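Reading through the structure tokens given below for one structure.
Read the figures in this text as sums done on the coordinates, not as results from a lab. This structure is a prediction, so every number in the text was calculated from the model and none was measured. Cβ placement follows ideal geometry from the backbone for every residue including glycine, while neighbour counts extend to all protein chains displayed.
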Amino acid sequence: MPLLVMTGFILHVRSNCVKPHRLVFFLSVRAIIMELFRKSEGKVMISNRMSEKLKAGSLIRKMFEEGNRLKSIYGEDKVFDFSIGNPDVEPPFEVTSGLKDLINNPTPGMHGYMSNSGYLSTRQAVANKLTRSGHTAFSADSICMTVGAAGAMNATLRAILDPDDEVILLAPFFMEYRQYIDNHFGKAVIVPTDAGTFLPNIDRISEAITPRTKAIIINSPNNPTGAMYPASTLEAINTLVASYEHVIHIISDEPYRELVFDGQEAVSTQDYIDNLIICYSWSKSLSLPGERIGYTAVGPRHPDLDVLVPAITMANRILGSVNAPALFQKVIEKAMDAKVDVALYENRRNLLYDIVTSSGFTCQKPQGAFYLFVKSPDTDDMVFSQVCARHNLLVVPGSAFSMPGYFRLAFCVSESTIKGSSVAFRAVSEHYGLNPAQS
């Protein structure tokens, strides 16, 4: 902008007939400015790190955008988009009624600042809910309200990481974990889970731990596999990290905690993990992804509890969130025990699982979340996703989750989309010469 202003000033001076020697000076300055403009053409004027991120992009977002393009050509009912985990179910009654009550009965200061950790009443409600959900008592002082689980994760990593510290990721995993770690100059160390079960392999984790290991991220129910960690797995992780002299944090990403099927319940991490930091969001359980409301909860047995909570709270502030959305903290208080209709997701899971497996594909039936993680019949899962797109079927390659050879399907879509996709799955199956079940 200053260059443009100076150029405009020079043109103004020229038009008003200044003295020749001054005009020569201004013309020389103008020549320098124009040369700077010329040399800057084609150069990236943002940070190199961000430039690389833009080049890489997000496979999920790319598939989502491709879905929108195809829908504009063929119509929404002819495109079967399973690319993005964006809940299509409306929030439960408790959310809408709570929001209406707050709007119709406003209180002074309800849109103002509060403590960076959030309203005390909201944090107490969260602590009470966590205490009820297991056998471990939480206090409001261990909670920090955040801008969704992503905000919780970034505040946590900012609080614990020094440059080049390592965070272990259990593949397959939500790909944004890598970005969050890189945001705070940490290093991701990828450890594959067991084939077939997608459960953590304790021996592999042990081999990956170094003196720079600061944390292990776990996620159950899991995105993208739908696998749930049993108590024995959590106990084994806890025993492993306790055997090291330095503290290794266990960051538990739990946005799918309530989305569990077949009459099961997710195991309460707080009952089995000592060095625990929970990152939670109501994006899935209450269908509020756009409202960006979540929290961190540091486990009461964590040896760094007294310094971790204020560190996370400060990170919440200095990363720019300042505090979680004021209005939706109060909404959450009114809807703390509510959740979406899980039976609806379970029915969709069953429908899609039956269509996929009867078409000749192989996958485990997920125990929770809202994804199928399916074995790709093509060794190149990127090529496979392109073949699917030719049949208006949008899937996310397993490579996006650091597990090539698979593809993910998000079944948080309408039943009509799921049922309509049967023809597309059969066509892709035929392309690869699979053996679909006879119908």
>> Give me the dipole magnitude in Debye, nearest 20, for the stretch 44-137 about the Cα centre, with unit charges on the beta carbon: positive for Lys and Arg, negative for Asp and Glu.
In response: 440 debye
> Does anything in the stretch 83-102 have its amide N under 19 Å from the 7 Å Cα→Cβ label point of D337, and if so which residues?
Replying inline: 92-99
> In nm, to one decimal, how far is the modelled label at A208 from the one at K53, with both set 7 Å along Cα→Cβ?
Replying inline: 2.2 nm
>> How big is the stretch 93-334 along each principal axis, measuring the range of its Cα positions in Å and listing the largest first?
In response: 57, 42, 30
>> Using a 7 Å offset from Cα along Cα-Cβ at L434, what residues in the stretch 366-387 end up with backbone N under 16 Å from the label point?
In response: 366, 372-387
> Given the rule -39500 (n - 2.57) for each run of at least 4 DSSP H residues, summed and divided by the residues of the chain, what is its mean residue ellipticity at 222 nm, to the nearest 500 deg cm²/dmol?
Replying inline: -13500 deg cm²/dmol
> If the cut-off is a Cα-Cα distance under 14 Å, which aspartates and glutamates reach K53, setting aside same-chain residues fewer than 8 apart in sequence?
Replying inline: E176, D182
>> With a cut-off of 8 Å between alpha carbons and a minimum separation of six or more residues, what is the relative contact order of the chain in percent?
In response: 21 percent
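How many percent of DSSP beta bridges within the stretch 93-334 run antiparallel, rounded to 5?
Working: 9 of 28 bridges.
For the stretch 93-334, the DSSP antiparallel bridge percentage is about 30.
E65 to L344: FRET efficiency via 1/(1 + (r/R0)^6), r the Cβ-Cβ distance, R0 25 Å, to the nearest 0.05?
Efficiency for this residue pair is about 0.40.
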> Looking at the chain, what % of its DSSP beta bridges pair antiparallel, to the nearest 5?
Replying inline: 45 percent
> Which distance in nm do the two modelled labels at A137 and S414 give, with both placed 7 Å along the Cα-to-Cβ direction?
Replying inline: 5.1 nm
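For the stretch 239-356, which semi-axes, largest first and in whole Å, follow from the square roots of 5 times the eigenvalues of its Cα gyration tensor?
They are 29, 22, 12 Å, listed largest first.
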> Roughly what angle does helix 381-390 make with the longest principal axis of the chain, taking Cα atoms, 0 to 90 degrees, to the nearest 10?
Replying inline: 90 degrees
> Can you give the FRET efficiency for D354 and T107, using 1/(1 + (r/R0)^6), R0 = 51 Å, r = Cβ-Cβ distance, to the nearest 0.05?
Replying inline: 0.50
> Quick one: length gained pulling D182 to D77 fully straight, 0.36 nm per residue minus the C-alpha distance?
Replying inline: 33.9 nm
> Once both labels are modelled 7 Å past Cα along the beta-carbon direction, what's the R390-K365 spacing in nm?
Replying inline: 3.3 nm
